[in-house]
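What follows is a set of notes on a single structure, which appears directly below.
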Amino acid sequence: MINGIATLNDRRIFFLGVNTGFLADGKPDERYLRFYATRSSSSLHCAIIGNVVVPGGYGSNAVSPTLTAEPVWTDLAAAIRRGGSMPGIQLATAWEGYAGSRRFVGAKPHEIIQKARQLVTGMGRGRIAGVLDSFEAAAAMAERHGFSHIQLHAAHGYLLGLLVDSRINSDSMYVLERLATLAVILRRAKVETSIRISLKTGEPNFDNIGTADFQDTIARLPFDYIDLSSGFYNIDKRLIYPTHPNILAARLNESLETGARHPDRAFILSGRAIRHDWTKLPSNVHLGLCRDLIANPNFLQEPHSGCHNHNKCHYYSRGSSHLTCGRWLNA
Ligand SMILES: Cc1cc2nc3c(=O)[nH]c(=O)nc-3n(C[C@H](O)[C@H](O)[C@H](O)COP(=O)(O)O)c2cc1C
């Protein structure tokens, strides 16, 4: 159910990560800046630019930009702020040799989990520490560029998501302590923070054990928001970009259950979030949007006119190099 945005004022609305692919020479280009400038507004609390690789890190596809000290990033933050929203950035890394699957549902999900465990075990404390150093350096760089919200991408099966999960990484406590320290440092610097996780991976045997404990461990970290996504990219993308009513309903339930266990923590709900009857959502649950705002830059002013499920935005799975949309024809 879509309600008038005017009465949404006690809810914060986020434009969640989009890896647009709008790059020239590996850097955000004019299309990237315009994409975010035209979607920022005083109705949108924060626009979080998606999947920006930490220096020294690895992209999840060939068009994931790496954060640098170059002025284009300052220009991007300034464009979002001029539009009326808080500039946010999602920091991420995959690993050497990572390849995103083009399929929506992976054939051997248990192998993805098994390989994740092997990868992390092979890294050892030293290399894990190096990854965390890169996130800290990237966060400091993002702050210098003027980003006022920093999100750590620990969802979708990318490296940080593997490192924070004790079911995959036996040294996860070390990682969680370092992330907690980073969150506190950023809060002192008056930077808003979030961590994005996947509620589940999509591998049923794995998800059957310890999932609520994992969510609770993350919810106790001192980030301002816990952003609840779902699914591992190479296991089941239908959980990341849900369209089927059953998947949407399950994601809503899992998000609300997590939120209810931590009433003093703030969460970001996504998966057609604004189409739920958000007036009934608990007050610690805020709204994250993606496809509706891709499809219509003015969606917050025209809340009945969003994504039509053409599925063209899944450009990587479709073998294209940048964002496309069946409705928003500037893509
Ligand atoms: C084209 C496209 C690119 C996306 N890129 C990212 C990304 O870079 N990082 C991320 O965490 N999620 C990414 N997502 C997932 C969205 O942030 C969001 O969680 C998902 O689309 C569900 O929200 P929605 O129903 O409002 O679209 C992407 C989604 C789409 C459609």
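Determine whether H314 is in contact with a Gly (Cβ under 6 Å, 6 or more places away or on another chain) and either more than 18 Å from S42 (Cα to Cα) or within 10 Å of the ligand (Cβ to nearest atom) (or both). I'd like the intermediate steps shown before the answer.
Details: in contact with a Gly (Cβ under 6 Å, 6 or more places away or on another chain): no; either more than 18 Å from S42 (Cα to Cα) or within 10 Å of the ligand (Cβ to nearest atom) (or both): yes.
In short, no.
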* Structure fact -> Of those in the range 242-283 that are within 11 Å of the ligand (Cβ to nearest atom), part of a helix (DSSP H, G or I) and in contact (Cβ under 8 Å) with a residue 60 or more places away in the chain, the residue surrounded by the most Cβ atoms within 10 Å (Cβ to Cβ) is I274
* Structure fact -> When every residue in the range 319-331 that is in contact with a Ser or Thr (Cβ under 8 Å, 6 or more places away or on another chain) and touching a residue at least 60 places away in the same chain (Cβ under 8 Å) is compared, the one nearest to R275 (Cα to Cα) is L323
* To do: Select from the range 196-217 the residues that are touching a Ser or Thr at 6+ places or on another chain (Cβ under 9 Å) and touching a residue at least 60 places away in the same chain (Cβ under 8 Å) and list them in ascending order.
  => R196, T201, G202
* What residue, among those in the range 126-171 that are within 16 Å of the ligand (Cβ to nearest atom) and among the small types (G, A, S), is farthest from S60 (Cα to Cα)? -> A142
* **Candidates R238, R291 - the one that is under 24 Å from S42 (Cα atoms) and surrounded by 14 or more Cβ atoms within 10 Å (Cβ to Cβ)** => R291
* Looking at the range 284-311, which of its residues are free of Cβ contacts under 8 Å to residues at least 40 places away in the same chain, outside any loop (DSSP other than H, G, I, E, B) and near the ligand (Cβ under 9 Å from one of its atoms)? -> D292
* To do: Might you let me know whether the range 183-200 holds any residue that is surrounded by 19 or more Cβ atoms within 10 Å (Cβ to Cβ), within 16 Å of the ligand (Cβ to nearest atom) and not in a strand (DSSP E or B)?
  => yes
* Is at least one residue of the range 276-289 at pLDDT 95 or above, under 22 Å from G157 (Cβ atoms) and in contact with a helix residue (DSSP H, G or I) (Cβ under 8 Å, 6 or more places away or on another chain)? -> yes
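Somewhere in the range 263-270, is a residue closer than 21 Å to T20 by Cβ and at pLDDT below 95? Reasoning before the result, please.
If we filter the range 263-270 for residues that are closer than 21 Å to T20 by Cβ, which is where we start, we get 268, 270.
Keeping just the survivors that are at pLDDT below 95 gives none.
No, because not a single residue in the range 263-270 is closer than 21 Å to T20 by Cβ and at pLDDT below 95.
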* To do: Would you mind telling me which numbered condition in (1) within 21 Å of G59 (Cα to Cα); (2) of a type outside the set (A, V, I, L, M, F, W, C); (3) in contact (Cβ under 8 Å) with a residue 12 or more places away in the chain P109 fails?
  => (1)
* Consider T38 carefully, then state whether it is within 25 Å of H314 (Cα to Cα), of a type in the set (V, I, T) and under 17 Å from the mean Cα position of the chain (by Cα). => no
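The values are calculated or read from the model by the stated rules, or taken from the named source; none is laboratory data. Because the structure is predicted, anything quoted here is derived from the model rather than measured. When we count neighbours, we look across all protein chains shown, and the Cβ atoms used for this are built from the backbone with ideal geometry, even at glycine.
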